[in-house]
1. Which one is nearest to Asp192 (Cα to Cα), of the residues in segment 234-273 that are of a type in the set (D, E, K, R) and outside any loop (DSSP other than H, G, I, E, B)?
2. Given the condition of a type in the set (Phe, Trp, Tyr), touching a residue at least 12 places away in the same chain (Cβ under 8 Å) and farther than 25 Å from Leu144 by Cβ, answer yes or no: does some residue in segment 191-212 qualify?
3. Return yes or no: is Leu111 touching a Gly at 6+ places or on another chain (Cβ under 6 Å), farther than 23 Å from Thr186 by Cα and assigned by TED's automatic domain parsing to the domain that holds Ile85?
4. Out of (1) buried (at least 20 other Cβ atoms within 10 Å of the Cβ); (2) out of contact with any Lys or Arg (no Cβ under 6 Å at 6 or more places or on another chain); (3) not in a helix (DSSP H, G or I), what's the single condition that is false for Asn231?
5. Within segment 61-72, is there a residue that is aliphatic (A, V, I, L, M) and under 17 Å from Asp129 (Cβ atoms)?
6. Of everything in segment 4-40, what is part of a loop (DSSP other than H, G, I, E, B), modelled with pLDDT of 95 or more and within 15 Å of Asn71 (Cα to Cα)? Give them in sequence order.
7. I'm told Leu216 meets every condition in (1) touching a helix residue (DSSP H, G or I) at 6+ places or on another chain (Cβ under 7 Å); (2) aliphatic (A, V, I, L, M); (3) part of a strand (DSSP E or B) except one. Can you identify the failing condition by its number?
8. Under 8 Å by Cβ, and 6 or more places apart or on different chains, what pairs join a residue from segment 20-45 that is over 19 Å from Leu102 (Cβ atoms) with one that is among the aromatic types (Phe, Trp, Tyr) and assigned to a loop (DSSP other than H, G, I, E, B)?
Amino acid sequence: MLNLGFNDFNDSILPYLNTLTSLTTLILYSNSIEGSRTKQGLANLRYLQVLDLSSNHNITSGSLTRLGLANLTNLKELDLRGCGITTIQGLANLTNLQVLDLSDNQNLTTLARGGFVDLPNLKILDLRDCGITTTQGLANLTNLQVLDLSGNQNLTTLGFADLPNLKTVDLGSCGITTIQGLANLTNLQVLDLSGNQNLTTLAHVGFADLPNLKTLDLGSCGITTIQGLANLTNLQVLDLSGNQNLTTLGFAGLPNLKTLDLGYCRITTIQGI
């Protein structure tokens, strides 16, 4: 393992690093790597399993190709948060990749026609605080278990029908007004919808198709009624705090509920508990 994080290295160090062919973990966060002045990048590091390039703000989508990431076929974890990425390219052939962090790439707005199609073993994908407006482009991630899309404030519609193994989804502080699009997530256990202030109703939505949901966070939304929760028979944790227009309760269909947060609502009676 080699940790060079929080230094002032630029592309001039890449030829040296490229000779460390037995390296399995390389940490380069918060440097000045660009990937614009390199011939091979890190292409010779074929045993590399963990690569952290986060907070190298001048790494762009084109840099990923020039850095030779496609050659790193044993890579399992890749951290690209806080870079300058606008599209997903240059990640093809990373068939062993399990963890990918692209968070805080604020100009990353679309996932369509990207490189996710070649990431069959990806289990954890972090896309929080980007500029994403649609979830198109995730369809081939059939082994994905954890997906974080929180803080994408222009993400208003959902569609996860082709992600059957999802267990945790974070959609906090997006622009969601309806949770249609969650059907078929039969393995989902944790769902965070907090901070979606325009999400006002749960009725006629997809909770009926989430039989294994255990934790549901609806804090600081605009919810006025909790109709629509009746089928969550395995739910154990429910956060409804900060829904100031929620005045009446009813939890008859939640037999396994263990933790309930109703703080900062305007409830006048606890009938229904």
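1. Taking segment 234-273 as the starting set, the residues that turn out to be of a type in the set (D, E, K, R) are 239, 258, 261, 266.
Those still in the list that are outside any loop (DSSP other than H, G, I, E, B) too: 239, 261.
Numbers: Asp239: 9, Asp261: 14 Å.
Result: Asp239.
2. The initial filter retains those residues of segment 191-212 that are of a type in the set (Phe, Trp, Tyr), namely 207.
Retained after the next criterion (residues that are touching a residue at least 12 places away in the same chain (Cβ under 8 Å)): 207.
Remaining after also requiring farther than 25 Å from Leu144 by Cβ: none.
No, every residue in segment 191-212 fails to be of a type in the set (Phe, Trp, Tyr), touching a residue at least 12 places away in the same chain (Cβ under 8 Å) and farther than 25 Å from Leu144 by Cβ.
3. On the way: touching a Gly at 6+ places or on another chain (Cβ under 6 Å): yes; farther than 23 Å from Thr186 by Cα: yes; assigned by TED's automatic domain parsing to the domain that holds Ile85: yes.
Taking the combined requirement at face value, the residue satisfies it.
4. Exception for Asn231: condition (1).
5. First, pick out the residues of segment 61-72 that are aliphatic (A, V, I, L, M): 64, 67, 69-70, 72.
Right, trim to under 17 Å from Asp129 (Cβ atoms) and you get none.
No, there is no match, as no residue in segment 61-72 is aliphatic (A, V, I, L, M) and under 17 Å from Asp129 (Cβ atoms).
6. Once the filter is applied, which keeps residues that are part of a loop (DSSP other than H, G, I, E, B), modelled with pLDDT of 95 or more and within 15 Å of Asn71 (Cα to Cα), segment 4-40 yields Asn18, Thr19, Leu20, Thr21, Ser22, Leu23, Thr24.
7. (1)
8. Thr21/Tyr47; Ser22/Tyr47; Leu23/Tyr47; Thr24/Tyr47; Ser32/Phe9
The values are calculated or read from the model by the stated rules, or taken from the named source; none is laboratory data. The structure presented is a predicted model; accordingly, all values stated were derived computationally and were not measured. Every residue, glycine as well, gets a Cβ built from its backbone with ideal geometry; the counts of neighbours run over all protein chains shown.
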